[in-house]
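One structure is given here, and the rest of the page talks about it.
Just so you know, all these numbers are worked out from the coordinates, no wet-lab data involved. Since the model is a prediction, treat every value here as computed from it, not as a measurement. Cβ: placed from backbone, ideal geometry, glycine included. Neighbour counts: every protein chain shown.
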Amino acid sequence: MNLVLQPATEAQAAEAARLAGAQAVERAGEAAYRLRAAAANPAVLAYCGGQRIDCAARDGAQRFADLKLLALDMDSTLITIECIDELGDLAGKKAEISEITALAMRGEIDYPESLYQRVALLRGLGVEALQRVYDERLRLSPGAEALVAACRRHGVRLLLISSGFSFFTDRLKQRLGLDFTVSNQLETHAGRLTGALVGDIVDAQTKAWRFLEAAQALGAAREQTVAIGDGANDLAMMAEAGTSVAFRAKPLVQAKASCALNYAGLDGVIPLFG
C-alpha cells in the first residue's frame, strides 16, 4: 500500500517515510505527499496523529480522472455549519436543537425522529431567517471550491445529498454548479415555518438509494464513486461507494470509512487518488 499524508511538510514526510519503511516519497499536492510501498504501522500512525497529519492507506491504482460520481453531505461537510442549528438560534431554540443534532450525528437517536423533533421547534419562525442564515452564517468548508473545480476539470459529476433543507441545497447548486441535489423541504404558511416537512424525509436509506440511483444513471461502477460525510446518517450511502471519506467526522463514521480527513480540507480528497 501507499500512504497519503496531508497537510505535511517535506521534513514531516521524510520522517514518516522512515517510520513506515517507504520505498519512495513523492509530492501528491501542494501540502500532500505519497509514501510508496509503506506500512501503516503504529509508529507512523502515532507520529502523524501527533503532528496533526491525515494518513490514508491507498493502493494507488486509481486516478481521480477515472471517477464518475462524487457525492457530498451538506451540513458540516460541504459547509461548516448545521443549518438547522443556526435556524434554531434565530428561533431562540439553538441549545435544544443542537443537542438533538449531536445525538443524531453520533447515531444515538433515530434520525427521522430527531429531524421531526428539531423541525417542530422551528414552528413560527419567519421564512426570512432562511436567507439570513445563508447570507450571514453559511460558509463553505476549506477546500470545497478546489474539490468542485477538480471534479469539473475531470468530468466527475457532483451530487449534494442532504438531510438538510432545499432552500440551502438549491442555492449551493447554483453557486457551485453542482449536477444534482437531494434534500428535505420545509413547509411554510403565511411567511412562517409550520414546524413540518413536505413529503417523505431524506434519511440514511434515502441517501443510499439516491446515491445508487445517480451512479446507475451515469453508468458508474462502484470503484468510480466517492461519498463524503460526517454523521451516522451518511454511513449507508458511504457503504455503497468505492471510496468513502469521513470529513471532520464522528468516531463511528471514521471507523467505517475508507479514509478520514481531520486536518486537510475537502480538496484533500484529490491526493487520495493517483
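With angles folded into 0 to 90 degrees, how steeply does helix 111-120 sit against the dominant principal axis of the chain? Use alpha carbons for both and round to 10.
40
Out of Gln51, Ala71, Asn41, whose Cα points farthest toward the positive end of the dipole of region 35-81 (charges: +1 Lys, Arg; -1 Asp, Glu; placed on Cβ)?
The residue sitting farthest along the positive end of the dipole is Asn41.
Quick one: work out the % antiparallel among DSSP beta bridges in the chain, nearest 5. Write out the running numbers ahead of the final one.
Values: 19 of 38 bridges.
Of all bridge pairs located within the chain, approximately 50 percent are antiparallel.
Normalise the Debye intensity by I(0) for region 61-126, one equal point scatterer per Cα, no solvent, then take log10 at q = 0.13, 0.17, 0.18, 0.24 Å⁻¹ and round to two decimals.
-0.46, -0.64, -0.69, -1.04
Counting helices only, and only those DSSP H runs with n ≥ 4, report the 222 nm mean residue ellipticity of the chain as the sum of -39,500 (n - 2.57) divided by its residues, in deg cm²/dmol to the nearest 500. Each step should come with its number before you reach the end.
Values: 11 runs with 107 residues, N = 274.
Roughly -11500 deg cm²/dmol at 222 nm, from the helical runs in the chain.
What is the helix-to-structure angle for 166-176, meaning the angle in degrees between its Cα long axis and the longest Cα principal axis of the chain, kept from 0 to 90 and rounded to the nearest 10?
40
Taking θ = phi - 60°, what integer Hz values does the Karplus form 6.51 cos²θ - 1.76 cosθ + 1.60 yield along region 227-243, in sequence order, with x for Gly and Pro?
10, 10, x, 10, x, 4, 6, 9, 5, 5, 5, 5, 5, 8, 8, x, 10
How much net charge surrounds Gln51 when only the other residues with a Cβ under 15 Å from the Cβ of Gln51 are counted, with Lys and Arg +1 and Asp and Glu -1?
-1
If the only charges are +1 at each Lys and Arg Cβ and -1 at each Asp and Glu Cβ, what is the size of the charge dipole of region 1-141 around the Cα centre, to the nearest 20 debye? It would help to have the intermediate numbers written out before the result.
On the way: 16 positive and 21 negative charges, 103 e Å.
Once rounded to the nearest 20, the dipole reads 500 debye.
Using a Förster distance of 25 Å, how high is the FRET efficiency between Asp170 and Lys256, based on the Cβ-Cβ distance and rounded to 0.05?
Values: r = 30 Å, r/R0 = 1.21.
It comes out at approximately 0.25.
Compute the long axis of helix 144-154 from its Cα atoms, compare it with the longest principal axis of the Cα atoms of the chain, and write down the angle in degrees, 0 to 90, nearest 10.
70
Largest first and in whole Å, what are the equivalent-ellipsoid semi-axes of region 1-61 based on the Cα gyration tensor, each being the root of 5 times an eigenvalue? Can you show the working numbers first?
Values: eigenvalues 39, 35, 20 Å².
Taking √(5λ) for each eigenvalue gives 14, 13, 10 Å, largest first.
In a solvent-free Debye calculation with one equal scatterer on each Cα, what is log10 I(q)/I(0) for region 92-245 at q = 0.08, 0.15 Å⁻¹, listed in the order of the q values?
-0.25, -0.88
Report the charge-dipole magnitude of region 1-61 in Debye, nearest 20, computed about the Cα centre from +1 at each Lys and Arg Cβ and -1 at each Asp and Glu Cβ. Display every interim value, and only then the final one.
Working: 6 positive and 6 negative charges, 17 e Å.
Computed about the Cα centre, the dipole is about 80 debye.
What three numbers, in Å, describe the spread of the alpha carbons of the chain along their principal axes, ordered from the longest?
Rounded to whole Å, the extents work out to 66, 39, 31 Å.
Lysine pairs in the chain with alpha-carbon atoms under 24 Å apart, 8 or more places apart or on different chains: how many are there? The partial results should precede the final answer.
Details: Lys68/Lys173; Lys68/Lys207; Lys68/Lys256; Lys93/Lys250; Lys94/Lys250; Lys173/Lys207; Lys207/Lys250; Lys207/Lys256.
Taking the chain as the scope, the lysine pair count is 8.
With +1 on each Lys and Arg Cβ and -1 on each Asp and Glu Cβ, and nothing else charged, work out how big the dipole of the chain is about its Cα centre, in Debye to the nearest 20.
On the way: 29 positive and 33 negative charges, 119 e Å.
For this selection, approximately 580 debye.
Over region 1-61, what relative contact order in percent results from Cα pairs under 8 Å that are six or more residues apart?
Working: 115 pairs, mean separation 28.4, N = 61.
Normalised by residue count, the contact order of region 1-61 is 47 percent.
What number, in percent, do you get for the relative contact order of the chain if the mean sequence gap of Cα pairs under 8 Å and at least 6 apart is divided by its residue count? Provide the component values of the computation, followed by the final result.
Values: 550 pairs, mean separation 61.0, N = 274.
Taking the mean separation of contacting Cα pairs over the length of the chain, I get 22 percent.
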